[in-house]
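For reference, the structure I am asking about is given below.
The values are calculated or read from the model by the stated rules, or taken from the named source; none is laboratory data. Note that the coordinates shown come from a computational prediction; the quantities given were computed from them, not determined experimentally. For neighbour counting, all protein chains shown are included, and Cβ atoms are generated from backbone atoms with ideal geometry for every residue, glycine included.
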Protein chains: 2
Amino acid sequence: MLENNELIQLAIVDDHPVVIEGLQRLLGSKDYLNVAGTFTSGADFLVFMKDNRTDIVLLDISLPDTNGMELCKEIKKRSPGTCVLVLSNHSERSIIMQMLQNGASGYLLKNASADELLNCIHEALAGQITFSNEIKQIIARPSAHELKEVPQLTRREKEILHLISDGMTTPQIAGKLNLSQLTIETHRRNLLQKFDVNNVAALIKVAVQQNLI
Amino acid sequence: MLENNELIQLAIVDDHPVVIEGLQRLLGSKDYLNVAGTFTSGADFLVFMKDNRTDIVLLDISLPDTNGMELCKEIKKRSPGTCVLVLSNHSERSIIMQMLQNGASGYLLKNASADELLNCIHEALAGQITFSNEIKQIIARPSAHELKEVPQLTRREKEILHLISDGMTTPQIAGKLNLSQLTIETHRRNLLQKFDVNNVAALIKVAVQQNLI
DNA sequence: TTTGCACTACCAGTTTCCCGGTATTTTTCC
DNA sequence: GGAAAAATACCGGGAAACTGGTAGTGCAAA
């Protein structure tokens with residue numbers, strides 16, 4: 001917890017110097033925070049962290065020397081109290097969610113406004129999970145972001161999709177619904193076709209990612 | 001878009017009268033919105049909507065006559081301009097995400113504070129996707145909410161999990177990684193054991209839901 | 001240096017899934 | 001009431017997945 005009137009120590013990790021400079025100009029003018037350091041590599045930041053309290057780090061994912069996902073994990077491991085706010089051009093739902101799972105407190109795309117960035121910084125420091133509006137949109141409706149159409153499923157298809165995702169086999173589903181195994185097979189086939197995938201692993205992945213399950 | 005000084009028309013749909021009453025007390029005192037109607041059934045609300053502009057509806061999921069998921073879809077179908085803000089005791093990630101996919105603009109649990117509710121109402125009306133803090137927490141880190149431990153995966157296991165979720169078969173993965181099919185089979189076996197599931201469908205569902213993919 | 005973990009590989013048998021479609025009945029909606 | 005959509009069922013063959021384990025090598029950490 002920050003003491004009253006103590007400056008927020010903020011670090012920036014991004015492989016593009018112009019991004020760092022822009023962020024410095026924006027954030028450097030705020031009298032409640034101190035841009036304690038800026039880095040173009042993950043390794044340099046990890047060294048910095050050893051001797052410098054960092055309340056929050058604005059972290060890009062694409063770095064020359066490290067995988068941002070692993071770096072995020074490593075930051076949280078070494079300094080659990082440091083908030084990681086991802087600032088990235090990667091807008092894939094999968095990357096967003098994995099970064100959150102690896103300990104990031106928040107995620108914004110680089111096109112977020114200055115106000116949004118500042119707001120997210122404050123929310124993260126307040127202990128909240130924080131997303132920019134565009135990230136919330138991606139999380140809520142990934143298909144809209146990917147310009148894909150979510151397949152329209154019939155009542156029975158939805159039911160069977162859920163049962164498949166619970167790990168039930170075709171014989172088990174047939175038993176539960178009192179239908180022929182061949183009927184279940186046809187529904188599975190139809191599901192694979194509607195989602196344009198070849199097997200159940202890809203089907204379930206897309207269905208969960210598109211918030212159908 | 002609301003005209004300046006025009007009251008926000010808000011409806012409440014919940015099967016518990018005490019919840020409705022509490023919300024009315026809270027919201028009824030706000031001079032910028034009008035509690036246009038309260039309903040304990042989905043059907044009644046749909047009838048109401050026909051003749052009454054509703055800018056935002058606070059919607060429970062468990063209703064006596066309808067499935068809240070389908071009701072949400074139906075509301076958005078009949079009146080796309082109406083914001084649906086889910087107010088529910090259901091905290092399962094799966095339900096949250098399905099409601100969002102069905103068109104809800106936001107989601108809060110019933111234990112959210114008055115301030116959070118009001119804030120979410122404003123964000124939803126501003127065209128944003130909005131979550132209470134607890135919902136963001138659940139979305140970001142479902143395992144923490146479910147008091148489950150996310151399995152620790154080795155580097156190879158992660159790689160193979162991703163490839164499986166992309167729909168690749170064991171022979172295909174073996175070819176891609178230059179490993180024996182039997183090696184891939186062992187990794188798959190280990191993944192199933194770590195996640196305590198019986199097949200790949202359940203494996204991928206849990207992995208995506210826990211934000212590992 | 002030793003121990004433990006990760007990774008690789010083995011393999012036969014059984015079960016399940018996917019593929020190539022086609023066809024009939026029931027339900028829903030206009 | 002009719003058309004269209006949804007649901008049900010068919011079925012053999014081949015491929016893939018799952019199951020029951022066991023075992024050896026290399027690397028990392030203590």
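Could you check the stretch B:51-70 and list, in sequence order, the residues that are in contact (Cβ under 8 Å) with a residue 40 or more places away in the chain and not charged (D, E, K, R)?
B:ASN52, B:THR54, B:ILE56, B:VAL57, B:LEU58, B:LEU59, B:SER62, B:LEU63, B:PRO64
Exactly one condition in (1) within 24 Å of B:LEU212 (Cβ to Cβ); (2) in contact (Cβ under 8 Å) with a residue 40 or more places away in the chain; (3) not polar (S, T, N, Q) is false for A:LYS194; which is it?
Going through the list (1) within 24 Å of B:LEU212 (Cβ to Cβ); (2) in contact (Cβ under 8 Å) with a residue 40 or more places away in the chain; (3) not polar (S, T, N, Q), A:LYS194 breaks only (1).
Among B:SER180, B:SER113, which is in the same structural domain as B:ARG25 (by TED's automatic domain parsing) and of a type in the set (Ser, Thr, Tyr)?
B:SER113
Collect the residues in the stretch A:161-177 that are without any contact (Cβ under 8 Å) to a residue 40 or more places away in the chain and either more than 8 Å from DNA strand D (Cβ to nearest atom) or among the small types (Gly, Ala, Ser) (or both), keeping them in residue-number order.
The answer is A:LEU163, A:ASP166, A:GLY167, A:MET168, A:THR169, A:THR170, A:PRO171, A:GLN172, A:ILE173, A:ALA174, A:GLY175, A:LYS176.
The rows are residues; the columns are (1) surrounded by fewer than 22 Cβ atoms within 10 Å (Cβ to Cβ); (2) more than 11 Å from chain B (Cβ to nearest Cβ); (3) modelled with pLDDT under 95; (4) over 29 Å from the mean Cα position of the chain (by Cα).
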position	(1), (2), (3), (4)
A:LEU147	yes, yes, yes, no
A:LYS158	yes, no, no, no
A:LEU161	no, no, no, no
A:GLY167	yes, no, no, no
A:GLU185	yes, yes, no, yes
A:ARG189	yes, yes, no, yes
A:VAL206	no, no, no, no
A:LEU212	no, no, no, no
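Pairs only if they're at least six apart or on different chains, beta carbon under 8 angstrom, first in the stretch B:24-48 and exposed (fewer than 13 other Cβ atoms within 10 Å of the Cβ), second of a type outside the set (Val, Ile, Thr); list them, first residue then second.
B:TYR32/B:LEU7
Restricting attention to the stretch B:84-98, which residues are within 13 Å of chain A (Cβ to nearest Cβ), outside any helix (DSSP H, G or I) and buried (at least 17 other Cβ atoms within 10 Å of the Cβ)?
B:VAL84, B:LEU85, B:VAL86
Pick out, from the stretch A:106-213, the helices (runs of 4 or more DSSP H) lying fully within it that include 2 or more residues that are within 16 Å of DNA strand C (Cβ to nearest atom) and touching a helix residue (DSSP H, G or I) at 6+ places or on another chain (Cβ under 8 Å).
A:155-165, A:170-177, A:181-195, A:200-209
Looking at the stretch B:92-109, can you tell me whether even one residue there is touching a residue at least 40 places away in the same chain (Cβ under 8 Å) and more than 24 Å from A:GLN137 (Cα to Cα)?
no
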